[in-house]
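K.L.:
Following this message is one structure expressed as structure tokens.
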Amino acid sequence: MTTRIQIDMRPGPSQLLPSSFIDHASTTPLHRQIFQAYRDAIVEGRLHAGDRLHSSRQLAALLGISRIPVVGAYDQLLAEGYCESRVGAGTFVVGRLPVASGAAPSPLAAGEPGAPGGPRDISQGPVARLQPSPPWLVHPGAFALGEIAVDHFPFASWARLVARRSRDTDLAQVRYGGGMGFLPFREAIADYLRRERGVRCGAEQIVVVSGSQQAIDLAARVLIDPGNAVWVEEPGYWGARNAMAAAGARLVPVPVDDEGLDVETGIARAPEARAVYLTPSHQFPLGAMMSATRRLRLLDWARRTGAWIIEDDYNSEYRYQSQPITALQGLDRDARVVYVGTLSKVLFPALRIGYLALPPDLVARFLATRVAMDICPPTALQAAFADFIAAGHFARHLRRTRELYAEKRLAMGSAIREAFGDRLRIQGDRAGMHLTVIYEGFADDRELAQRAADRGLWTLPLSYCHLGPPQHRGLVLGYGGVPLAEIPAAVARLREVFDSFDGKAGS
Ligand SMILES: Cc1ncc(COP(=O)(O)O)c(C=O)c1O
């Protein structure tokens, strides 16, 4: 039942009531409603310093409610300093509030700093230039990047381990953890990286963070001073670009080809760069694996110039035509590589767990910076993941998903060839859970992505991955989350989207 009792506001110091409603149907408790009504009346200048409130008994009678909520509201007004109680006299509006002593605050004149619509004093530094995500980046649907095969994740086992760790009242799970992360988790990760990725590290070099994005942000804060040149792959990963830009880096786009980042062009464009961000195992988004020659050349340049290499190894666990290739970090003899890994692809992205394997002499600096921005990662989840590895679930899950994604990749390839013939060139499908289709001519890929989004398809325009003018038009398509059986229909729908461009795509 919605019974609304309006409290009128009568003049006279002892009779003032808030001019708002008590709503019996509201989910907000009565004591809170009464408190808010009085507080607003005081802050807005409708009640003045020294005004006396009704006695709680009177107000309860006027409102037809019990005294309990009224007493609760008055207690809160006293506790928060809007009112004061005078023994034997009642409850009064205090005199110290800037507006309680007189009329409502005067409206702000145009041009005053706080006036509506006027400029607001927030940082005009590098973050001011960051762009919000365009609509197709928040639209779900087939081909969404970063989606995993949810139906193949062992949620029952995972949930059991998380529940067990969450019930664990051992203080180590409950209190603030160390800024580096939970030691058994770091040991498990270091062991995994040495065995599977050829990374040279111990647990004392591992810092746990909330995904690669925080790892890259942290690396940018520690390694880069505003104005420093940083090489970024062109095309490349916008998430990393944003983190570098937010740190004030001067981004230097360096082209990629079949051998990965073109190191010589990087040296020609910015030999003095402080750092380079790259994805050498599976270049995002074009998919090249960086050649050994380029890897060694890059390490040599970094050694000579003192530059840092930020290696994002975001999805190297999934490689289809060869064994996973070893990380660039494993070749580094001069401790110049900051290695970044994530559980986003091998578990799921909402977990927000990633890690850095750091040069030993940078650990203290990274730790201090990490603690300044985010004290520590969630302990129970790290503990559950360490258990997940120890119980063999992780190795089993990786084995199964490798097979599954390999099947999906084949299904994507044949569906694309069937729907588009040779009008689309597939690139970057030798690893990971996405591929890129390149096409020549006609359509603006952002317009294409927008139209695909309208048809329930999520696609990433290749141009979005470019800092400068793109050389090719294309779309990046994730297939990890698309059920195998639905791939042909989703690709057929994509073909219809292409066809909607005046029939030019399919002809
Ligand atoms: C190149 C690259 N690095 C890292 C990530 C993963 O980021 P995070 O670990 O923050 O989820 C992605 C996700 O799509 C990516 O494309």
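K.L.:
In the range 449-507, how many residues are under 18 Å from His434 (Cα atoms) and of a type outside the set (Ser, Thr, Tyr)? Quick ask: steps written out before the conclusion?
P.N.:
So the first thing to find is which residues in the range 449-507 are under 18 Å from His434 (Cα atoms), and the list is 449, 452-453, 456-466, 472-495.
Still in the list and also of a type outside the set (Ser, Thr, Tyr): 449, 452-453, 456-458, 460-462, 465-466, 472-478, 480-495.
Result for the range 449-507: 34.
K.L.:
Further question on the same structure: Checking the condition more than 15 Å from the ligand (Cβ to nearest atom), open to solvent by 30 Å² or more (accessible area, probe 1.4 Å) and at pLDDT below 95, which residue from Arg221, Arg200, Arg250, Arg195 passes?
P.N.:
Checking each option against the conditions leaves just Arg195.
K.L.:
Which one of these is under 22 Å from Ile22 (Cβ atoms) and in contact with a His (Cβ under 8 Å, 6 or more places away or on another chain): Ala61, Ala73, Ala37? Can you show your working first?
P.N.:
On the way: Ala61 fails: in contact with a His (Cβ under 8 Å, 6 or more places away or on another chain); Ala37 fails: in contact with a His (Cβ under 8 Å, 6 or more places away or on another chain).
Testing whether each residue is under 22 Å from Ile22 (Cβ atoms) and in contact with a His (Cβ under 8 Å, 6 or more places away or on another chain) leaves just Ala73.
K.L.:
Sticking with this structure for a sec: From (1) over 19 Å from Leu484 (Cβ atoms); (2) surrounded by fewer than 21 Cβ atoms within 10 Å (Cβ to Cβ); (3) in contact (Cβ under 8 Å) with a residue 40 or more places away in the chain, pick out the condition that doesn't hold for Asp387.
P.N.:
The number of the failed condition is (2).
K.L.:
Of the residues that make up the range 343-358, is at least one open to solvent by 10 Å² or more (accessible area, probe 1.4 Å) and farther than 19 Å from Gly481 by Cβ?
P.N.:
Just the residues of the range 343-358 that are open to solvent by 10 Å² or more (accessible area, probe 1.4 Å), to begin with: 344-345, 348-352.
Filter once more, keeping what is farther than 19 Å from Gly481 by Cβ: none.
The answer is no, given that none of the residues of the range 343-358 is open to solvent by 10 Å² or more (accessible area, probe 1.4 Å) and farther than 19 Å from Gly481 by Cβ.
K.L.:
Identify all residues within the range 104-126 that are in contact (Cβ under 8 Å) with a residue 24 or more places away in the chain and over 22 Å from Ala41 (Cα atoms); write none if there are none. Quick ask: steps written out before the conclusion?
P.N.:
First, pick out the residues of the range 104-126 that are in contact (Cβ under 8 Å) with a residue 24 or more places away in the chain: 104-105, 125-126.
Scanning the range 104-126 gives Gly125, Pro126.
K.L.:
Same structure, new question: Taking the range 57-70 only, how many residues are touching a helix residue (DSSP H, G or I) at 6+ places or on another chain (Cβ under 7 Å) and either touching a residue at least 40 places away in the same chain (Cβ under 8 Å) or surrounded by 20 or more Cβ atoms within 10 Å (Cβ to Cβ) (or both)?
P.N.:
Residues of the range 57-70 touching a helix residue (DSSP H, G or I) at 6+ places or on another chain (Cβ under 7 Å): 57, 59-60, 65-67, 69-70.
From what's left, either touching a residue at least 40 places away in the same chain (Cβ under 8 Å) or surrounded by 20 or more Cβ atoms within 10 Å (Cβ to Cβ) (or both): 59, 65, 69-70.
Count: 4.
K.L.:
State all residues of the range 314-340 that are farther than 19 Å from Arg430 by Cα, within 13 Å of the ligand (Cβ to nearest atom) and not hydrophobic (A, V, I, L, M, F, W, C); if no residue qualifies, say none. Full working, then the answer.
P.N.:
Within the range 314-340, the subset farther than 19 Å from Arg430 by Cα is 329-340.
From what's left, within 13 Å of the ligand (Cβ to nearest atom): 339-340.
Tyr339 - this is the single residue of the range 314-340 that is farther than 19 Å from Arg430 by Cα, within 13 Å of the ligand (Cβ to nearest atom) and not hydrophobic (A, V, I, L, M, F, W, C).
K.L.:
Please work out which residue is farthest from the ligand (Cβ to nearest atom), limiting yourself to the range 172-183 and to residues that are in a loop (DSSP other than H, G, I, E, B) and open to solvent by 70 Å² or more (accessible area, probe 1.4 Å). Show your work before the answer.
P.N.:
Narrowing the range 172-183 to residues in a loop (DSSP other than H, G, I, E, B): 175-182.
Subset that is open to solvent by 70 Å² or more (accessible area, probe 1.4 Å): 175-176.
Details: Arg175: 26, Tyr176: 23 Å.
Restricting to residues being in a loop (DSSP other than H, G, I, E, B) and open to solvent by 70 Å² or more (accessible area, probe 1.4 Å), the top hit is Arg175.
K.L.:
Residue check: is Arg303 out of contact with any Ser or Thr (no Cβ under 6 Å at 6 or more places or on another chain), within 16 Å of the ligand (Cβ to nearest atom) and farther than 25 Å from Leu145 by Cβ?
P.N.:
Details: out of contact with any Ser or Thr (no Cβ under 6 Å at 6 or more places or on another chain): yes; within 16 Å of the ligand (Cβ to nearest atom): no; farther than 25 Å from Leu145 by Cβ: yes.
No; evaluated as a whole, the condition is false for this residue.
K.L.:
Give the residue, chosen from Val346, Val363, that is within 14 Å of the ligand (Cβ to nearest atom) and under 22 Å from Leu183 (Cα atoms). Give the steps one after another, and end with the answer.
P.N.:
On the way: Val363 fails: within 14 Å of the ligand (Cβ to nearest atom).
Within the list Val346, Val363, the selection yields Val346.
K.L.:
Quick one: which of Ala364, Ala350 is closer than 23 Å to Gln214 by Cα and at pLDDT 95 or above? Give the steps one after another, and end with the answer.
P.N.:
Numbers: Ala350 fails: at pLDDT 95 or above.
Of the residues listed, the single one that is closer than 23 Å to Gln214 by Cα and at pLDDT 95 or above is Ala364.
K.L.:
Mind listing whichever residues of the range 64-85 are in contact with a strand residue (DSSP E or B) (Cβ under 6 Å, 6 or more places away or on another chain) and either among the hydroxyl-bearing types (Ser, Thr, Tyr) or over 30 Å from Ser106 (Cβ atoms) (or both)?
P.N.:
Correct list: Tyr74, Ser85.
K.L.:
Please go through the range 349-360 and pick out each residue that is of a type in the set (D, E, K, R) and more than 10 Å from the ligand (Cβ to nearest atom). Please lay out each step first, then the result.
P.N.:
Of the range 349-360, the ones of a type in the set (D, E, K, R) are 352.
Answer for the range 349-360, where residues must be of a type in the set (D, E, K, R) and more than 10 Å from the ligand (Cβ to nearest atom): there is none.
K.L.:
Let me ask you something else. Does Glu311 satisfy the criteria of being acidic (Asp, Glu), under 27 Å from the mean Cα position of the chain (by Cα), within 15 Å of the ligand (Cβ to nearest atom) and assigned to a loop (DSSP other than H, G, I, E, B)?
P.N.:
Working: acidic (Asp, Glu): yes; under 27 Å from the mean Cα position of the chain (by Cα): yes; within 15 Å of the ligand (Cβ to nearest atom): yes; assigned to a loop (DSSP other than H, G, I, E, B): no.
Answer is no for this residue.
K.L.:
Condition first: touching a strand residue (DSSP E or B) at 6+ places or on another chain (Cβ under 6 Å) and over 21 Å from Ala415 (Cα atoms). Can you find one or more residues in the range 480-495 that meet it?
P.N.:
No; the residues of the range 480-495 include none that is touching a strand residue (DSSP E or B) at 6+ places or on another chain (Cβ under 6 Å) and over 21 Å from Ala415 (Cα atoms).
K.L.:
Let me ask another. So if I check each of Tyr277, Tyr237, which one is within 16 Å of the ligand (Cβ to nearest atom), crowded, with 24+ Cβ neighbours inside 10 Å and not β-branched (Val, Ile, Thr)?
P.N.:
Details: Tyr237 fails: crowded, with 24+ Cβ neighbours inside 10 Å.
After ruling out the rest, the residue left standing is Tyr277.
K.L.:
Those residues that are open to solvent by less than 80 Å² (accessible area, probe 1.4 Å) and either under 17 Å from Trp238 (Cβ atoms) or of a type in the set (Ser, Thr, Tyr) (or both), I need them from the range 144-171; list them, please.
P.N.:
Ala144, Leu145, Gly146, Ser157, Ser166
K.L.:
Can you tell me which residues in the range 409-448 are in a strand (DSSP E or B) and among the small types (Gly, Ala, Ser)?
P.N.:
Going residue by residue through the range 409-448, those that are in a strand (DSSP E or B) are 425-427, 431, 434-439.
Within the range 409-448, just Ala431 meets the criteria.
K.L.:
Exactly one condition in (1) outside any loop (DSSP other than H, G, I, E, B); (2) of a type in the set (Val, Ile, Thr); (3) open to solvent by 60 Å² or more (accessible area, probe 1.4 Å) is false for Ile375; which is it?
P.N.:
(1)
K.L.:
With respect to Ala215, determine if the residue is within 23 Å of the chain's Cα centre (by Cα) and farther than 23 Å from Asp334 by Cα. Walk me through how you get there before you give the answer.
P.N.:
On the way: within 23 Å of the chain's Cα centre (by Cα): yes; farther than 23 Å from Asp334 by Cα: no.
Here the answer is no, as Ala215 does not meet what is asked.
The values are calculated or read from the model by the stated rules, or taken from the named source; none is laboratory data. These numbers were taken from a predicted model, which means no experiment stands behind them. Positions of Cβ are backbone-derived with ideal geometry, glycine not excepted, and every protein chain shown enters the neighbour counts. Ligands, DNA and RNA are excluded from the accessible area calculation, which covers all protein heavy atoms including side chains. Shrake-Rupley method; radii C 1.70, N 1.55, O 1.52, S 1.80 Å.
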